[in-house]
Every structure is written in structure tokens, then in C-alpha cells.
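Here's the structure, in C-alpha cells; my notes come after.
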Amino acid sequence: MIVRKKDFDDTQANVGDTENLINIPLQVRTVEVSLVLVEPREPGPIRVSLRSKGHLDVARFAEQFGGGGHARASGLKLDGSIQEAHDLVVSAMKKQMAPVSPSP
């Protein structure tokens, strides 16, 4: 999910209002990982929150971007545009979640 600066402007919400948004996708049985990218209202890095049902260690995932946390809840911050952050994190997550082919 992406929350853009415009979303905050349109709704008069604040970054703190997005705190529980990360948990909503995890209510779906087949969802294993949830990501929320938040573009701050004021200039600054993109905030990425990650949650897992436990099959993927999101703290270890976040470490590759200088972030951290716990196996089931972590976060990181990235400079650049929200789209650049999205593309980078989603691409890395797809690779992380790709099934491993058995060795011949």
C-alpha cells in the first residue's frame, strides 16, 4: 500500500493515523506479508513499514536497506520518490518470496 502526501492533504490526516493500516491486509488468509510506504507531509525519507505472519523475517529483509525491527514487525526509511521506494522494496520482496527451485 502507498500513502502519498496528497492523501494526507486531502484528508487532513497525519502520519500517525496510518499506524494500524499495516495490519489490515494480514487479515486475509493468503496474505503473508504487508508493506505500507508512507510519503511524509514534510520533506524527508519515505517510511516503509513491514509486517509478516511469520514465514518471512521482515527484520532481516529490512536490514538490507538499513532498517530493522523484529521478525514479524519492522521498518526502514528510503530517500527518493515514493515510486522509487516502492519499486525498490517490492522488487526485493518479490525476490525474497520467490520459491526456491530444488537443486538437480
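Readers should treat all values here as calculations from the given coordinates under stated rules, not as data from a laboratory. Quick caveat, the model's predicted, so the values are computed rather than measured. Positions of Cβ are backbone-derived with ideal geometry, glycine not excepted, and every protein chain shown enters the neighbour counts.
The figures follow:
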| quantity | calculated |
| --- | --- |
| Amide H partners (placed H, <5 Å) of I2, local residues excluded | L37 |
| For the chain: rounded, prolate or oblate by the Cα gyration tensor [a/c cutoff 1.5] | prolate |
| For the chain, calculated [θ]222 nm from helices alone, where every DSSP H run of n ≥ 4 adds -39500 (n - 2.57) | -8000 deg cm²/dmol |
| Between 0 and 90°, nearest 10: helix 82-97 axis offset from the chain longest Cα axis | 20 degrees |
| For P43, net neighbour charge (Lys/Arg +1, Asp/Glu -1) across residues whose Cβ lies under 11 Å away | -1 |
